[in-house]
Amino acid sequence: MRAYNSGFDRPGLTGVGAEGMHCTLLHTIGLALADVDLGALLKDAAEYAQTVQPFTLTFDRPTIGNVAVEMSGWPGGPFTQLVDDITRIMDRTGASFRPAPSRYPHMSVAYTSEGAESIEAVSLKAELAAINRTLSGTVHVDRLHLVEQWHDGAKIMWHPVAAVPLAGVTL
């Protein structure tokens, strides 16, 4: 899916490039890779993933969210089930963290940054409405990417740990 991000870089917004597009299931706040028994986590995640059939998420045109310009996705049911189950798997690691699961499927195309309070929402909504091309698309979900992730106040960065295939998928 091609993401629209040109023009989002401005005071208060940092655009997300195509290489940074993602749909987060769970942020394990306060947890680093070194805090987890990675072997056990990968085993549990792989066993679980083999019970989940691949599915498709459809993402809508960008809208203004609480901390980002984002595209919401549907259907939410398969995504929510993944979030709940991955959260339980992380809980079983015994590591101390604060879970911040995504509440709905979404992809951010721009994050708020310093100066966000000066953004005029009506003007930004008008700009989004004026985009005269298709901005929605579908993503086939056939794997989970486990990453160590951090945010520098402008963009999200991550270090890949493992790709875990869903049922019937060979990577």
Distance in nm between Ala18 and Met157 label points, each 7 Å along Cα→Cβ, equals 2.3
If amide hydrogens are placed 1.01 Å from N in the peptide plane, which non-local residues have theirs closer than 5 Å to the one on Leu13? Ser113
What per residue convex hull volume, in Å³, comes out for the chain when only alpha-carbon positions are used? 117
Restricting the range 64-171 to GluC sites (Glu not before Pro) in coil, as DSSP defines it, with at most 13 other Cβ within 10 Å: Glu114, Glu120
By average C-beta atoms within 10 angstrom, highest first, the peptides 50-57, 104-111, 20-27: 104-111, 20-27, 50-57
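Taking the range 66-152, which trypsin sites (Lys or Arg not before Pro) meet the DSSP loop condition and have no more than 13 other C-beta atoms within 10 Å?
Answer by residue number: Arg92, Arg103, Arg133.
On the protein heavy atoms, probe 1.4 angstrom, tell me the percent of accessible surface of the chain carried by carbon and sulfur.
On the way: 5080 of 9570 Å².
Exposed carbon and sulfur together represent 53 percent of the surface.
Suppose every K and R has +1 on its Cβ and every D and E has -1 on its Cβ; what is the size of the dipole of the range 22-171 about the Cα centre, in Debye to the nearest 20?
300
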How much length is gained if the chain between Gln149 and Phe55 is pulled fully straight, taking 0.36 nm per residue apart and subtracting their Cα-Cα distance, in nm to one decimal? 31.4 nm
Heavy-atom accessible area per residue - the range 24-74, 1.4 Å, Å²: 52
When the Karplus curve 6.51 cos²θ - 1.76 cosθ + 1.60 is applied with θ = phi - 60°, which whole-Hz ³J(HN,Hα) does each residue of the range 72-86 get, with x for Gly and Pro? 7, x, 8, x, x, x, x, 5, 4, 4, 4, 4, 4, 6, 5
Do the sum for the chain: with -39,500 (n - 2.57) for every DSSP H run of n ≥ 4, divided by all residues, what is the mean residue ellipticity at 222 nm, to the nearest 500 deg cm²/dmol? -7000 deg cm²/dmol
Using a basic spin-label model with each label point 7 Å from the Cα along Cα→Cβ, how many nm lie between Glu47 and Tyr104? 3.5
Starting at the first residue of the range 131-146, write each ³J(HN,Hα) from the Karplus equation 6.51 cos²θ - 1.76 cosθ + 1.60 with θ = phi - 60°, in whole Hz, x for Gly and Pro. 5, 9, 7, 5, 10, 9, x, 10, 10, 8, 8, 10, 7, 10, 9, 8
The chain, relative contact order [Cα under 8 Å, separation at least 6], %: 36
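The values are calculated or read from the model by the stated rules, or taken from the named source; none is laboratory data. Predicted model, so just to flag it, every value in this text is computed and none were measured. Heads up, the Cβs are rebuilt from the backbone with ideal geometry, glycines too, and the neighbour counts pull from every protein chain shown. Remember, those area values only see protein heavy atoms, side chains included, never the ligands or the DNA or RNA. Shrake-Rupley method; radii C 1.70, N 1.55, O 1.52, S 1.80 Å.
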